[in-house]
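Student: My questions will all concern the structure given below.
The values are calculated or read from the model by the stated rules, or taken from the named source; none is laboratory data. Not measured: the values here are computed from a predicted model. Here the Cβ positions follow ideal geometry from the backbone for every residue, glycine too, while neighbour counts run over all protein chains shown. The accessibility values were calculated without ligands, DNA or RNA, using every heavy atom of the protein model including side chains. Shrake-Rupley method; radii C 1.70, N 1.55, O 1.52, S 1.80 Å.
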Amino acid sequence: MAGGHAQRVVFPPQHRSGAQRVGQGRRSNRPCGGPLTGAGVVGLLTTCQARAVSTPGGGELSATLRRIERSAGALATSSVARMDETLPWFRALPADQRSWVMLVAQAGARSLVQWLREGGGTADSTQEVSDEVFAAAPQALARSITLQQTVALIKVTIDVVEEQVSHLAAEGEEQQLREAVLRFSREIAFSAARVYARAAESRGAWDARLQALLVDALLRGDSPDVLASRAAALGWADAPPVAVAVGRSPGGEVSAVLHVVYRQARRIGVEVIGGVHGDRLVIVLGGAPDPLTATAKLLSAFGDGPVVVGPAVPSLDEATESARAALSGFRAAPAWPSAPRPVPAADLLPERALAGDAEARRRLRHDVYATLVRAGGELLATLDAFLAAGGTLESAARALFVHPNTVRYRLRRIAEVTGFSPLSPRDAFALQVALTVGRLDPVAPLASPVPTQTMTPATRKSAQTEDDPRRSL
């Protein structure tokens, strides 16, 4: 199934350069009213001349803030050492990525100071301050560790700060600092959730575009290399068989529509690739032993109206045939109001042929009409008489001057050789359309070869000269 990728932290565009972002700062309602420059948060602390700020509880933490500022480097070092002790995956990181993690830890300590100076959760810039923790990491680190691992790093840093509260807080400010750290931890948790949401939305939008391109390539009949490369980018395993289902889209955001498809496909254990094209939802199913049954379990993802399933094919390379049959059946399905939902595209052959589908006409002409002609035994004449008699055995027998049992036998033979039973009203309609198509577009008879033993040498030489223009020169 497409969608088996591990979620990576993807930082928003405004955080593209993490270390530079921490150093630059922003214009906001900070105590000094100016932007951060140079040393970043440390520059803010110096510029503000250690201005005292009250926490929501009302106590001043200016002395404690100066202690935290001086201890920022030591806190980061202790945090990285704790990560090395408690996180096995962290020990396996390359040296450059471990140094980037040090930047994240330092940003966490500095963001705590800035958060406290701006009111400890009462300032409008609370979200931006807590987001600075994640902004400190370069993009390369974001591609190397998962979101869960990033949260684990921040948790270790906060744990180290909480353990050092007694050493960081000025006398009488221990409880205030401990409560402030707990509130800051909550802000960090919300910031992680925002990062995850942005990453998920970005990934979902990209996957939706890529899947739409893949479905377009299927419908156009692009080369197998194009299909394979786009399917590989989506994590498609190409489990056989592969089939395409087409129905009406329920409407709304494309990512939301596809999310419902993926969630239901995971429950039934099949691979899917989906795309919304106008008002149609196109789904490629892989690894479903019975694509029609699998589609029936995905019906809630479609909107109202018919859902048509194309024939099963061995791999995605051949899925263009299934997609075209499903789309043709979807266009012709309104002509059969009582059609089951979902319905195989093969069951809509007569409607597809009447709607101008050349492949449906070819199948009816070759697989039904031509088969009856080749079978002989008066099957074609019996079918004509039976249809002309309105499906009445006795009337057909009288028209053919045979016993009704003979008509019954021939009708059974027709069902055996064509797969359509004349005794079924639906199949009788398909047979009648096949007879019409076969007589309008007759199969060209094969030319009988001239026996070589009757050809004289002169005749044979003349034929060779006509066949090969170069011999006549």
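Student: Just to be sure, is Thr406 part of a helix (DSSP H, G or I) and touching a residue at least 24 places away in the same chain (Cβ under 8 Å)?
Tutor: no
Student: Continuing with the same structure: Looking at Val261, Val246, Val215, Val257, which is the one that is modelled with pLDDT of 75 or more, of a type in the set (Val, Ile, Thr), part of a helix (DSSP H, G or I) and within 19 Å of Thr320 (Cα to Cα)?
Tutor: Testing whether each residue is modelled with pLDDT of 75 or more, of a type in the set (Val, Ile, Thr), part of a helix (DSSP H, G or I) and within 19 Å of Thr320 (Cα to Cα) leaves just Val215.
Student: Does any residue in region 172-189 that is free of Cβ contacts under 8 Å to residues at least 24 places away in the same chain and more than 17 Å from Val156 (Cβ to Cβ) come within less than 9 Å, Cβ to Cβ, of a residue that is open to solvent by 60 Å² or more (accessible area, probe 1.4 Å) and part of a helix (DSSP H, G or I) six or more places away or on a different chain, and which pairs are these?
Tutor: Glu174/Ser166; Arg178/Glu162
One line per residue, one yes/no per condition, for (1) open to solvent by 60 Å² or more (accessible area, probe 1.4 Å); (2) in contact with a strand residue (DSSP E or B) (Cβ under 9 Å, 6 or more places away or on another chain); (3) among the acidic types (Asp, Glu); (4) farther than 18 Å from Leu214 by Cβ:
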position	(1), (2), (3), (4)
Arg263	yes, no, no, yes
Gly274	no, yes, no, no
Asp279	yes, yes, yes, yes
Pro289	yes, no, no, yes
Phe302	no, yes, no, yes
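Student: In the list Ala355, Ala346, which residue meets the criterion of being aliphatic (A, V, I, L, M), closer than 30 Å to Val282 by Cβ, surrounded by fewer than 20 Cβ atoms within 10 Å (Cβ to Cβ) and touching a helix residue (DSSP H, G or I) at 6+ places or on another chain (Cβ under 7 Å)?
Tutor: So the residue among Ala355, Ala346 that is aliphatic (A, V, I, L, M), closer than 30 Å to Val282 by Cβ, surrounded by fewer than 20 Cβ atoms within 10 Å (Cβ to Cβ) and touching a helix residue (DSSP H, G or I) at 6+ places or on another chain (Cβ under 7 Å) is Ala355.
Student: Could you grab the pairs with beta carbons closer than 8 Å, sequence gap of 6+ or different chains, first residue in region 252-275 and under 13 Å from Trp236 (Cβ atoms), second one hydroxyl-bearing (Ser, Thr, Tyr)?
Tutor: What qualifies is Val272/Tyr262; Gly274/Tyr262.
Student: It is to be established whether one or more residues within region 275-297 are within 11 Å of the chain's Cα centre (by Cα), modelled with pLDDT under 90 and outside any loop (DSSP other than H, G, I, E, B).
Tutor: Yes, region 275-297 has at least one match.
Student: Taking region 218-243 only, how many residues are open to solvent by 20 Å² or more (accessible area, probe 1.4 Å), within 23 Å of Ala296 (Cα to Cα) and either in a helix (DSSP H, G or I) or modelled with pLDDT under 70 (or both)?
Tutor: 1
Student: While we're looking at this one, here's another question. Looking only at helices (runs of 4 or more DSSP H) that fall completely inside region 47-120, which ones have 2 or more residues that are surrounded by 15 or more Cβ atoms within 10 Å (Cβ to Cβ) and at pLDDT 85 or above?
Tutor: 72-86
Student: Here is a check on your reading of the model: is Ala370 of a type in the set (A, V, I, L, M) and under 38 Å from the mean Cα position of the chain (by Cα)?
Tutor: no
Student: May I ask you to list the residues in region 358-375 that are within 30 Å of Leu327 (Cβ to Cβ) and open to solvent by 30 Å² or more (accessible area, probe 1.4 Å)? Walk me through how you get there before you give the answer.
Tutor: We begin by selecting, within region 358-375, every residue within 30 Å of Leu327 (Cβ to Cβ); these are 358-372.
Matches in region 358-375: Ala358, Glu359, Arg361, Arg362, Arg363, Arg365, His366, Asp367, Tyr369.
Student: In region 229-245, which residues are on the phi < 0 side of the Ramachandran plot and either basic (Lys, Arg) or touching a strand residue (DSSP E or B) at 6+ places or on another chain (Cβ under 9 Å) (or both)?
Tutor: Arg230, Ala231, Leu234, Trp236, Ala237, Ala239, Pro240, Pro241, Val242, Ala243, Val244, Ala245
Student: Can I ask one more? Is it true that some residue in region 376-399 is open to solvent by less than 10 Å² (accessible area, probe 1.4 Å), in contact (Cβ under 8 Å) with a residue 12 or more places away in the chain, outside any loop (DSSP other than H, G, I, E, B) and closer than 29 Å to Asp290 by Cα?
Tutor: Within region 376-399 (the criterion being open to solvent by less than 10 Å² (accessible area, probe 1.4 Å), in contact (Cβ under 8 Å) with a residue 12 or more places away in the chain, outside any loop (DSSP other than H, G, I, E, B) and closer than 29 Å to Asp290 by Cα), the answer is no, since none of the residues qualifies.
Student: Moving on to the next point. Tell me which residues, restricted to region 68-97, are of a type in the set (A, V, I, L, M, F, W, C), over 18 Å from Val181 (Cα atoms) and either free of Cβ contacts under 8 Å to residues at least 24 places away in the same chain or touching a Phe, Trp or Tyr at 6+ places or on another chain (Cβ under 6 Å) (or both).
Tutor: Once the filter is applied, which keeps residues that are of a type in the set (A, V, I, L, M, F, W, C), over 18 Å from Val181 (Cα atoms) and either free of Cβ contacts under 8 Å to residues at least 24 places away in the same chain or touching a Phe, Trp or Tyr at 6+ places or on another chain (Cβ under 6 Å) (or both), region 68-97 yields Ala81, Met83, Ala92, Ala95.
Student: On to the next question. Just give me the residues in region 322-343 being touching a Pro at 6+ places or on another chain (Cβ under 7 Å) and part of a helix (DSSP H, G or I), in sequence order.
Tutor: Ser322, Ala325, Phe330, Ala333
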